[in-house]
Amino acid sequence: MTDETDQRSGAQPRQTEKRAATPGRGVRPTAEPIEPAAPEAFGLVQAWYGDGKGKTTAALGMAFRAAGHGYRVHVLQFMKGGADSVEATRGEYNAIAQMPGLSYENSGHYGWHGLLDGSSDGEHAATAEAAFDRTRQLVEAAGEADLSGPLELDGEPEAGVHMLVLDEVLYAANRGLVDPGDLQALIEDRPDDLELVLTGGHERPAYLDGYVDLLSHVSADRHPFEADGQRARRGTEY
């Protein structure tokens with residue numbers, strides 16, 4: 001009898017009341033205007049490595065998600081100064097340029113480190129070192145900013161960011177272009193509220209054990225380049 005009564009008169013109101021107390025409140029997701037805001041629970045270190053495609057893609061997706069909430073995000077790319085195998089135009093740069101609160105910079109040397117493509121390993125090392133010096137500046141600037149409050153969406157990254165993405169920094173560290181010990185020190189010295197996202201490299205970054213909150217391994221079960229010789233394509237790889 002009670003069940004029938006609940007179904008006729010009480011279940012739906014009670015269910016609605018329960019949903020109203022959840023983060024989603026029973027409302028379907030919609031797009032909203034982007035206004036400066038401050039994250040409530042940032043401060044973790046996330047890292048993505050492995051021989052599979054998708055490390056940078058995952059990091060950029062998270063960067064866009066954070067910027068969509070009005071948080072200030074900056075992407076600093078190591079080891080991606082361009083190469084003969086891909087066009088100079090990058091889809092992600094075009095999209096970032098249109099996104100409030102999201103910015104990027106590229107410090108890589110042209111060509112691929114360790115390959116016979118005419119690029120100098122010494123120049124790769126110099127650009128990686130410069131990128132890490134730039135990383136220190138950005139982390140120090142974040143430490144001087146009030147990350148508990150909103151930041152200007154069009155402000156310079158030197159004014160502070162809520163999330164810093166260091167794309168391919170693990171690739172540089174694995175190849176000895178960045179000292180893993182320096183990366184450990186950077187993580188330890190970062191401000192508490194700064195969300196730090198690291199990507200790159202095929203090998204497991206054992207030097208990050210005890211230093212990261214999330215470590216994701218992207219494994220390639222199949223890759224079109226190895227299987228069919230498929231080169232990088234506009235709109236998927238760049």
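The values are calculated or read from the model by the stated rules, or taken from the named source; none is laboratory data. Here the structure is a predicted model, which is why all the values come from computation and not from measurement. Heads up, the Cβs are rebuilt from the backbone with ideal geometry, glycines too, and the neighbour counts pull from every protein chain shown. Heavy atoms of the whole protein, side chains included, go into the accessibility calculation; ligands, DNA and RNA do not. Shrake-Rupley method; radii C 1.70, N 1.55, O 1.52, S 1.80 Å.
Scanning the stretch 195-217 for residues that are on the phi < 0 side of the Ramachandran plot and either among the charged types (D, E, K, R) or at pLDDT below 95 (or both) turns up GLU195, HIS202, GLU203, ARG204, ASP209, ASP213. The set of residues in the stretch 129-168 that are in contact (Cβ under 8 Å) with a residue 60 or more places away in the chain, touching a strand residue (DSSP E or B) at 6+ places or on another chain (Cβ under 7 Å) and under 26 Å from GLY70 (Cβ atoms) comprises LEU138, PRO157, VAL161, HIS162, MET163, LEU164, VAL165, LEU166, ASP167.
Only one of the listed residues (ASP182, ASP192) is outside any helix (DSSP H, G or I) and acidic (Asp, Glu). That residue is ASP192.
Of all residues in the stretch 32-66, those satisfying the criterion of being without any contact (Cβ under 8 Å) to a residue 60 or more places away in the chain and under 12 Å from the mean Cα position of the chain (by Cα) are THR57, GLY61, PHE64, ARG65. Selection of first residues in the stretch 8-21 that are open to solvent by 90 Å² or more (accessible area, probe 1.4 Å) and of second residues that are modelled with pLDDT of 75 or more and not hydrophobic (A, V, I, L, M, F, W, C), restricted to Cβ pairs under 7 Å at least 6 apart or on distinct chains, gives the following pairs, ordered by first then second residue: ARG19/ARG25; ARG19/GLY26.
Filter the stretch 43-70 down to the residues that are open to solvent by less than 50 Å² (accessible area, probe 1.4 Å) and assigned to a loop (DSSP other than H, G, I, E, B) and list them by number. Correct list: GLY43, GLY50, GLY52, GLY54, GLY70. Would you confirm, using the coordinates I've provided, whether ASP189 is buried (at least 18 other Cβ atoms within 10 Å of the Cβ) and either of a type in the set (Phe, Trp, Tyr) or touching a helix residue (DSSP H, G or I) at 6+ places or on another chain (Cβ under 8 Å) (or both)? In short, no.
Residues in the stretch 204-238 that are among the aromatic types (Phe, Trp, Tyr) and more than 24 Å from TYR93 (Cβ to Cβ) were compared, and the one that is most open to solvent (accessible area, probe 1.4 Å) is TYR211.
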